[in-house]
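Structure first, commentary second.
The values are calculated or read from the model by the stated rules, or taken from the named source; none is laboratory data. This is a predicted model, so every value here is computed, not measured. Quick reminder, even Gly has a Cβ in these numbers, built from the backbone with ideal geometry, and neighbours come from all protein chains shown. Each accessible area value is taken on the protein alone, full model and side chains, heavy atoms only, with ligands, DNA and RNA left out. Shrake-Rupley method; radii C 1.70, N 1.55, O 1.52, S 1.80 Å.
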Amino acid sequence: MNTDLRRRGAALRRGVLALLAASVMASAAASESVSLTERLLRIDRATSWKPAGEIRVGFATGHPQGMVRIGQDFFVSSVQIERPTVRYPEPRGGFDRDVGAGAGRLFKVGPDGTRLGEIRLGEGDSYHPGGLDYDGEFIWLAVAEYRPDSRAIVYRVDPRTMTATEVLRVADHIGAVAYDRRTRTLQGVSWGGRRFYQWRLGADGRAAAPVVTANRAHYVDYQDCRSLGSSRMLCSGLADYRPSPPARPFSLGGWELIDLRDHRAIWQAPVLLWAPSGRPMTQNPFDVVATPNGLRAYFMPDDDVSSIYIYDIDLP
């Protein structure tokens, strides 16, 4: 009897300690997200972005889409295009192009640019992974057909084992997702970020019907997004602007902070950085973290022969 009581007491203590540890981790994560949000709100057009390094990736990356840094490693989603899509002269069945062909992958990249692992994601015509998010335990991303208004599969990936679990299917192209683990809320953005999707996930992981909202901001198309907690999401993207001839078209990148209560952009700033290739740094994958003096941002704008460019922002 005494032995049984001791076992129960030990189990109770372990449970209490686990709850306390979880509470401390949640508080730390919330504090970090608030700190990051506060720093982002201080960026403007006059902000100085200082080059802080370049990691040359040592393998063909395809067309990178999303990126998160976990520890010292980077996890990068990418589409390997085997046959490009072809636009129709006129829409067919609600689509402006055919499906093309390719393969979706998630790479694990070491701090020196070496490939540490990869998995293939998607099925059939759904081969285009999008922007991704990390909730402290799992990576979340969608793999869609490579055309607007199509369909997608949302996955949850364990970065330790590089195994994927299907979460839900969507009758639209989902180009980026963000997940708030505390509220069990999954955010998605459609092709170019023109529509927001919001799903509540139950304790069993099942998704309720989405709430769909039109995006009222238009100056950049979202490519990669991050949940910041506290009903905030940061999205990175770009748009091509075509002045009247003979002026050449140009691409402008930017970041937007979204209030998820009404999906309104509450802060916007251009990111006036371009890679040596001429592409905006916000051409798809990015990540950003708070530092003691401000922010550190990571960008991976180029296809196939890629580098991860690192920039620091010092804030007063």
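So the values come out like this:
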read-out: Percent carbon-and-sulfur accessible area, the chain, ignoring ligands, DNA and RNA, probe 1.4 Å; value: 52 percent
read-out: In segment 163-238, trypsin sites (Lys or Arg not before Pro) in a DSSP loop with at most 10 other beta-carbon atoms within 10 Å; value: Arg216
read-out: Relative contact order (%) - criterion: Cα under 8 Å, at least six apart; region: the chain; value: 16 percent
read-out: Virtual spin-label span in nm between Met162 and Arg120, 7 Å along Cα→Cβ; value: 1.4 nm
read-out: Relative contact order (percent, whole number), segment 113-248, Cα cutoff 8 Å, 6+ residue spacing; value: 17 percent
read-out: Cα pair distances in segment 147-187, grouped into 10 Å bins until the bin that holds the longest one, percent each; value: 25, 50, 24, 2
read-out: Residues with amide H under 5 Å from that of Asp221, placed H, sequence gap 5 or more; value: Leu238, Ala239
read-out: FRET efficiency estimate (nearest 0.05) - Cβ-Cβ, Arg194 to Asp73, R0 35 angstrom; value: 0.60
read-out: Label-point gap, in nm, between Ala214 and Arg261 - each point 7 angstrom along Cα→Cβ; value: 2.3 nm
read-out: Length gained when the stretch Leu272-Tyr241 is fully extended (0.36 nm per residue, less Cα-Cα span); value: 9.7 nm
read-out: Inter-centroid distance (Cα atoms) of segment 98-127 relative to segment 182-235, Å; value: 22 Å
read-out: Ranked by how many other beta carbons lie within 10 Å on average, peptides 65-72, 109-116 from highest; value: 65-72, 109-116
read-out: FRET efficiency, Phe95 to Ser230 (Cβ-Cβ, R0 25 Å, nearest 0.05); value: 0.10
read-out: Cα long-axis angle, helix 2-40 against the chain (0 to 90 degrees, to the nearest 10); value: 30 degrees
read-out: Per residue, in Å², the accessible surface of the chain once ligands and nucleic acids are set aside, probe 1.4 Å; value: 49 Å²
read-out: Trp255 long-range amide H proximity, modeled H, under 5 Å; value: Ala269, Val271
read-out: Loop trypsin sites (Lys or Arg not before Pro), segment 237-296 (other Cβ atoms within 10 Å of the site Cβ: 15 or fewer; DSSP); value: Arg261
